[in-house]
Every structure is written in C-alpha cells, then in structure tokens.
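Structure record follows, encoded as structure tokens.
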Amino acid sequence: MKKTVRIWLLLAVTLIPAAGFAQKWEGVAETPQMGWNSWNKFASRLNEQLVRETADAMVSEGLLDAGYVYLNMDDCWHGPRDADGFITCDATKFPSGIKAVADYVHSKGLKFGIYSDAGRKTCAGFPGSFGHEYQDAIQYARWGVDYLKYDWCSSEDINPRGAYALMRDALREAGRPIFFSMCEWGSNEPWLWAAEVGHSWRTTGDIAAVFDARTRRSWENSVMTIVERNVGLRKYAGPGHWNDPDMLEVGNGMTVNEDRAHFTLWCMMASPLILGNDICNMTQETRDIILNKDVIAIDQDPLGVQGLRLKVEDSLQFWFKPLADGAWAFCLFNRGRTPVEYTVDWQTLCFTDTEVSGLSTEFDKKRYEIKNLWEKATKKKTKAVTTAKPLRVTVPGRDVVLYRLTPLQK
Ligand code: GLA
C-alpha cells in the first residue's frame, strides 16, 4: 500500500468516530446561493472547454459582478475510481484534470462547484459517493471545490438522514469550507430535518423549461407545479438553510414574460439563483432578466425571509416579501394568458406575516415610496409614486409587476 494512502486511511479511521458530532460549514449561505450549473442546458455535454468558456463569460457578461459566483459542474464529469478508490475525471472531457479547471475558475474570481450522489451511481450512471464519502470529500478539498450538489439516485436501500449527514461530516473533516447543496427532490421532507445538515435542499423533482403545462418526462415539473410545492415551505427557510425549488430555466425556451415571471417568483421565494442557460450565447432579453440588480437584491435581501403568497384572485396572485429596513417587495403575478388590469388599493393589503417575520405592511399607518423594478428607467419622474393613492397597473399574461416599497420617513 502506498504511504499516502496509508496516511489517508489512518486519518479516516481516526476521524470517522467523531463524525456524528461534526457540524456543517457555517457562514457560506447567509443569502441564497447564486451561480451557474451545467445540467439544464448541457446535461452530458459537459467538458473542460465549456467550463473555461463559461467562466470567461460569467466575468465578461457581468454575472460575477451581479453576484453569480459559483460555477458548478453537474453530472457527467466523472471517470472511474482509481486503484485506491479515489474518484477521477473523464480524461477525454477534462484533459487538464479537475484541479487545473478549478484553478482556472478561481483565477477569474469565481468559486467552483461539483456534483455527486449519495448512492452507488449518479443519475446519469457514473460512480456515486456511497462507501467513498470521506475519500470524495478529501478529493474535492484537494481540487479546490467550493460547492457540492449531492444527488439521490440509486439510493433505494440508504437512509437519507444518515447519508446526507455522513457527507456533511466528511466535508467538514476534509477541512475546506464547501457549500452543501442537498438534492433529494423533497422525497424525505428535508425541510423538517436538514437545516443542520445542508445549506439548501431541493423541494421538488427536476424543473423543465415549461411554464404551466404537462412536462414530457415523469420526473420533470413545470415552473407552476414547483411554485405550488415550494410556496408552503417558507417557514423552514432562512439564513444558512434555504428551500431550493431547482435551477433556473431562464433563456432555455420559455417566452420572455414567462422567464421574467419565473425569475421574479424565485426571487420572491428567496430561492437559490443558479442559472441553467448557455451564458456564452444569451439574448438581450435574457441578460435584462438575470442581470436586474434590483430584482436580485430582493432575493438576496439580508433579512432572509422567503416571501409569501397573500391571496389569489382569479388569475392574479399577490406576493409579498419582507425586506431589511422595513421595506417590502410586492409582486402581482398573472398566471393567466390574458393581461389583467387592476387597481391596487393599498388599504386592502394591510396584513401581518404571523408565520415567519412578524412584520406588518401597515399601509393604514405608513407611507411607502414605490419603485417599479422591471420598468426601464426611461421616463424622468417628477414626483415620487407612493402608497398614498391607489395604483393602476396592467399585468401582462404569464408575467409580473414587481415593486420595492420603501417606508417614507414621517
Ligand atoms: C437529477 C437532479 C438534476 C441533475 C440530474 C443529473 O435528476 O435532480 O438536477 O443533477 O440528476 O443526472
């Protein structure tokens, strides 16, 4: 046995008994994670060139500046395990090896993410981490990995809480802070037990670029199906532990209105913003959506409260998200296909978020300045628009209007 392997084995044997007491890494998920992931657009077409070009584009397109810091490789990067059981990469897809690719990503100021699975095989059939958790965590730390998405295929005989806690402990013991993104699709209600284990957990099966219709494959979900599952889970989310309604499909074939609504609802739900499109080839419409800093700021607000759906009137949904400093995000979402004209009477929207933040809108007592976050700032406004008067709006089909309401000083 090689000397280094002996040392690693010795380390693992010493550390495993303490594993039950390890804690997840703190301080890496104060706001929902932002970045890009290869799966939604590229699936098995992942390779080194794509990663390098995507890293370049994340910087040149201004995505890193906007907060998208993680560049995450999903399934299909793997080669076989070596003679000692350490995972390798597919040398044809990654001729320079993972360490060199991670170094390149880091040289751009980005962070680097990787993917594995708690079972024996990943969902695409590559080696999973089962039985190799500590070895894999050590390997990721050596490569300079900053983020692990951990999937749940081939897991039939595995206890979910144990499997995810085991990898949490392994990551902790490997010594490099790594964001732990749990991906067991909400199958075992992770929101009830995973705040101690991961930094985010998927709440549903996979997303598809379908807004509100049946999806082609049984495990895929439309944007609307996902919203309906995620909306009721807000009390489980908060700084350090987020509900993850899956990665974004903006730029992957829905209409611009649908993309805007999808992105906005993800921000209202304080969701991870992991882009899933080809960012080396984006339309201006896609850029305008994913780079809107005012809207991103709603998602990233430091209060860290997942927004709520206050009510639904026909096709119109009323969403609120309390923000730091007494502000609110207010979104009107039209699920129908035809535009809706509506007059917002603020007095009818006085309520208290009793479930999570305890905050009240108090439109009867307070005035707020209204900023429309999707309107291009073309017109010069002479006077601030406030909640002193009702607001007349038109919400296009399958689209949103989104406002930031900032309390005015008395
Ligand atoms: C599962 C996950 C997806 C993706 C694929 C990769 O379906 O939920 O997000 O990672 O596996 O095979």
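Values quoted throughout were computed directly from the atomic coordinates according to the rules given, and no laboratory measurement underlies them. These numbers come from a predicted model, not from an experiment. Here the Cβ positions follow ideal geometry from the backbone for every residue, glycine too, while neighbour counts run over all protein chains shown.
Bridge orientation summary for the chain: considering DSSP beta bridges with both residues in this region, about 60 percent are antiparallel. This model, with +1 at the C-beta of Lys and Arg and -1 at the C-beta of Asp and Glu, gives region 308-407 a dipole about its Cα centre of some 540 debye.
Axis angle, to the nearest 10 degrees, between helix 133-143 and the longest C-alpha principal axis of the chain: 80 degrees.
Between the amide H of Asp206 and those of Asn221, distances stay under 5 Å, these residues lying 5 or more places away or on another chain, with hydrogens modeled in the peptide plane. Result for the chain in a Gaussian network model with C-alpha springs under 10 Å: among Asn188, Asn40, Asn221, the largest mean-square fluctuation is at Asn188.
Rounded to the nearest 20 debye, the dipole size of region 253-310 about its Cα centre is 120 debye, using +1 on the Cβ of Lys and Arg and -1 on the Cβ of Asp and Glu.
Selection among Phe211, Tyr368, Val395 by position relative to the dipole of the chain gives Tyr368 as farthest towards the positive end (Cβ unit charges, Cα centre).
Computed over region 22-299, relative contact order equals 20 percent, with contacts defined as Cα pairs under 8 Å that lie 6+ residues apart.
Treating each Cα of region 22-299 as one equal point scatterer and applying the Debye formula with no solvent, the log10 of I(q)/I(0) at q = 0.11, 0.12, 0.13 Å⁻¹ comes out as -0.57, -0.68, -0.81. Rounded to the nearest 0.05, what FRET efficiency do Lys235 and His106 have when you use their Cβ-Cβ distance and R0 = 41 Å? Efficiency, rounded to the nearest 0.05: 0.65. Taking the charge dipole of region 22-299 about its Cα centre, with +1 at Lys and Arg Cβ atoms and -1 at Asp and Glu Cβ atoms, the residue from Ala22, Met269, Trp201 reaching farthest to the positive side is Ala22. For the chain, a crude dipole built from +1 on the beta carbon of Lys and Arg and -1 on the beta carbon of Asp and Glu, taken about the Cα centre, is about 760 debye to the nearest 20. What is the helix-to-structure angle for 256-268, meaning the angle in degrees between its Cα long axis and the longest Cα principal axis of the chain, kept from 0 to 90 and rounded to the nearest 10? It works out to around 80 degrees. Taking 4.7 Å between C-beta atoms as the pairing limit, the chain has these partnerless cysteines: Cys76, Cys89, Cys183, Cys267, Cys280, Cys331, Cys350. Result for the chain in a Gaussian network model with C-alpha springs under 10 Å: among Pro127, Pro322, Pro390, the largest mean-square fluctuation is at Pro390.
Farthest toward the dipole's positive end in region 22-299, which of Ile114, Gly131, Asn281, given Cβ charges of +1 (Lys, Arg) and -1 (Asp, Glu) about the Cα centre? Positive-end residue among those listed: Gly131. The simple spin-label model puts a point 7 Å past each Cα toward its Cβ; for Val59 and Glu355 those points are separated by 4.3 nm. Mean-square fluctuations from a GNM of the chain, with a 10 angstrom spring cutoff on Cα atoms, peak among Thr354, Thr264, Thr386 at Thr354. Using the Cβ-Cβ distance between Ser315 and Lys121 with R0 set to 41 Å, the FRET efficiency from 1/(1 + (r/R0)^6) comes to roughly 0.45.
Here each label is just a point 7 Å from Cα along the line to Cβ, and for Val28 and Thr255 those points are 4.1 nm apart. Other residues with beta-carbon under 15 Å from the beta-carbon of Arg172 carry, at +1 per Lys or Arg and -1 per Asp or Glu, a net charge of -4. Angle of helix 98-107 to the longest C-alpha principal axis of the chain, folded into 0 to 90 degrees and rounded to 10: 40°.
Report relative contact order for region 159-225 in percent, whole number only (criteria: Cα-Cα under 8 Å, sequence separation at least 6). Worked out over region 159-225, it gives 24 percent.
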